[in-house]
Each structure stands twice: as C-alpha cells, then as structure tokens.
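The values are calculated or read from the model by the stated rules, or taken from the named source; none is laboratory data. Computed from a predicted model, the values in this text were never measured in an experiment. Every residue, glycine as well, gets a Cβ built from its backbone with ideal geometry; the counts of neighbours run over all protein chains shown. These area figures cover heavy atoms from the full protein model, side chains too; ligands, DNA and RNA do not enter into them. Shrake-Rupley method; radii C 1.70, N 1.55, O 1.52, S 1.80 Å.
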Amino acid sequence: MRPYHAHIYFTLEQTELAAKAQEDIIRAIPQLTYVGRLIPMPIGPHTLPMFEIHIPVANLEDAIQTIDTLRQGLSVLIHPVQHNELQAHTELARWLGKPLPLKLEVLR
C-alpha cells in the first residue's frame, strides 16, 4: 500500500518550533520513509511554510497519535497518496490542530 503524507505547517516566526517538532517526530517514529526539509515558503497547494514526512500505512494510527503529541501546537495535514490528489487533500484528509486553507485549484 502507498504511504501517507503529513504536512506540518509553520509561520516564519515558528521556524525554531517547527525544527524542534521535526526533530522530536523523527526520533519518535523511526518507521518514517521520508523526512523533508523545512520549506520556508508556501509551495504547491500549501498556503504556509511546511515540512513533509511519509508514513507507512502499517504505522499510521500510532504515528498520528505521536505526531499529535509532538506537533508543538502546529497544524498538520495527513492524507493518503493516491492518483486523485484533490480527493486525498480534502475528503480523505485528516487534520491535527487548526485546519488551514489550501490552494485546491493546484490539485484539479
């Protein structure tokens, strides 16, 4: 099965907080298959800076609980990887913290 992506969002003022959350998440979830760098600007459908991690399906529920504990109050979008990206980022998406707007036109 395809992994899930988690996008952890931050403002530029929260960069240190995001780096701490990233470090804590990496240490707590060794099963992650990818950890992206902190991207200091909006990119793609994302309206805030963020970093991305990839979670194997087998570890999803435990990873979500761990991320929720370690996210430092930051908003997190978790979605499956699939062909229909609009559906993945909307209907099938889960949010931890405050949901944020996305540029959905990018996914159509």
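Observations on the model:
- Verdict on Arg2 being of a type in the set (Lys, Arg), open to solvent by 30 Å² or more (accessible area, probe 1.4 Å) and modelled with pLDDT under 95: yes
- Here Ile64 meets the list (1) open to solvent by less than 30 Å² (accessible area, probe 1.4 Å); (2) more than 28 Å from Glu105 (Cα to Cα); (3) assigned to a helix (DSSP H, G or I) almost entirely, failing just condition (2).
- Taken together, Arg71, Arg108, Arg27 contain a single residue that is open to solvent by 80 Å² or more (accessible area, probe 1.4 Å), more than 16 Å from Arg2 (Cβ to Cβ) and at pLDDT 95 or above, which is Arg27.
- Residues located in the stretch 86-96, provided they are open to solvent by less than 90 Å² (accessible area, probe 1.4 Å) and either in contact (Cβ under 8 Å) with a residue 24 or more places away in the chain or touching a Gly at 6+ places or on another chain (Cβ under 6 Å) (or both): His89, Leu96
- Pro99 in a loop (DSSP other than H, G, I, E, B), surrounded by fewer than 16 Cβ atoms within 10 Å (Cβ to Cβ) and over 12 Å from the mean Cα position of the chain (by Cα): no
- The condition of being assigned to a loop (DSSP other than H, G, I, E, B) and not acidic (Asp, Glu) holds for only one of Leu17, Leu32, that being Leu32.
- Which numbered condition His83 misses (of (1) closer than 19 Å to Pro49 by Cα; (2) open to solvent by 60 Å² or more (accessible area, probe 1.4 Å)): (1)
- For first residues located in the stretch 1-29 and closer than 23 Å to Asp62 by Cβ and acidic (Asp, Glu), partners that are open to solvent by less than 40 Å² (accessible area, probe 1.4 Å) and part of a strand (DSSP E or B) and lie 6+ apart or on another chain with Cβ distances below 7 Å do not occur.
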